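Participant: This is the structure I have questions about; it appears just below.
The values are calculated or read from the model by the stated rules, or taken from the named source; none is laboratory data. All figures in this text were calculated on a predicted structure; none of them were measured in a lab. Here the Cβ is made from the backbone with ideal geometry for all residues, glycine too, and neighbour counts use every protein chain on show. In case anyone asks, the SASA skips ligands and DNA or RNA and just uses the protein heavy atoms, side chains included. Shrake-Rupley method; radii C 1.70, N 1.55, O 1.52, S 1.80 Å.
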Amino acid sequence: MKQGVLTPGRVQILMHRGTPCFRGYGRRNGERRRKSVRGCIVSQDLSVLNLVIVKQGDNHLPGLTDTEKPRLRGPKRASKIRKLFALSKEDDVTKYVNTYRRKYTTAKGKKKSKGPNIQRLVTPLTLQRKRARLAEKKKRVAKAKSAAADYQKLLALRIKEQRERRSESLAKKRASRASQAKPAAAPAKE
């Protein structure tokens, strides 16, 4: 049932990405498709309607609001458990999960209880791992800096050697040119 389609039956609507009743992920940009959707008007051809009670009146609905059922499943994430029970950061979250633990008996007749495995729980072990991770990161940065400094030193040394070799080769060329020019000039003086 699509909101805004005011018919009791099905209609085919041209839809684009992001509209309800149309999963357009992984399609081309701007692609539109004609999809069949049912209108939002409730009629006798519907077999089931899933509804949610938004507001309760003075009287109870028999079999629906007159009995209170225990909460079967609660939040699993540590921060959401804190929010549900209005806990501070210092309170232990693991104690409050017991309120919605599921108790059951096994095939052998043994009584057991099952609770959710709390996620994103900050334990001393996670803090230790975080410290180790940060220390490793700092070590890598320091190593990279020292390697870069060593490389710069080596590069400066190589450039200096290259300059010296070039100046030596230039001095040799000048000397050889001068020695070639002197014998040619000597007979002219005689």
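Participant: Could you check how many percent of all C-alpha pairs in the chain are farther apart than 27 Å?
Facilitator: Values: 13484 of 17955 pairs.
That tail contains 75 percent of the Cα-Cα pairs.
Participant: Could you tell me how far the Cα centroid of region 119-141 sits from the Cα centroid of region 142-170, in Å?
Facilitator: If we compute the Cα centre of each part, the gap is 38 Å.
Participant: Projecting each Cα onto the charge dipole of the chain (Lys/Arg +1, Asp/Glu -1 at the beta carbon, about the Cα centre), which of ILE159, SER79, VAL5 comes out farthest on the positive side?
Facilitator: ILE159
Participant: Let me spell out the model: positive unit charges on the Cβ of Lys and Arg, negative unit charges on the Cβ of Asp and Glu, origin at the Cα centre of the chain. What dipole size does that give, in debye rounded to 20? Write out the running numbers ahead of the final one.
Facilitator: Details: 53 positive and 14 negative charges, 209 e Å.
With Lys and Arg at +1 and Asp and Glu at -1, about 1000 debye.
Participant: Let me ask something else about it. Reachable aspartates and glutamates from LYS76, Cα under 17 Å, same-chain residues fewer than 8 places away excluded?
Facilitator: Within reach: ASP91, ASP92.
Participant: Please give, to one decimal in nm, the separation of the simple spin-label points placed at LEU121 and SER169, each 7 Å out from Cα toward the Cβ.
Facilitator: 7.1 nm
Participant: If you roll a 1.4 Å probe over region 44-190 with all protein chains in place, what percent of the accessible area is carbon or sulfur?
Facilitator: Working: 7630 of 14160 Å².
Within region 44-190, the accessible surface is 54 percent carbon and sulfur.
Participant: For region 12-58, with the dipole built from +1 on Lys and Arg beta-carbon atoms and -1 on Asp and Glu ones, taken about the Cα centre, which of VAL54, VAL42, PRO20 lies farthest toward the positive end?
Facilitator: Positive-most Cα among the choices belongs to PRO20.
Participant: Rounded to the nearest 20 debye, what is the charge dipole size of region 112-155 about its Cα centre when +1 sits on each Lys and Arg Cβ and -1 on each Asp and Glu Cβ? Walk me through the numbers on the way to the answer.
Facilitator: Values: 14 positive and 2 negative charges, 45 e Å.
Using Cβ point charges on Lys, Arg, Asp and Glu, region 112-155 gives about 220 debye.
Participant: In Å², what does the accessible area per residue of region 63-190 work out to with a 1.4 Å probe?
Facilitator: Working: 11970 Å² over 128 residues.
About 93 Å² of surface per residue is accessible.
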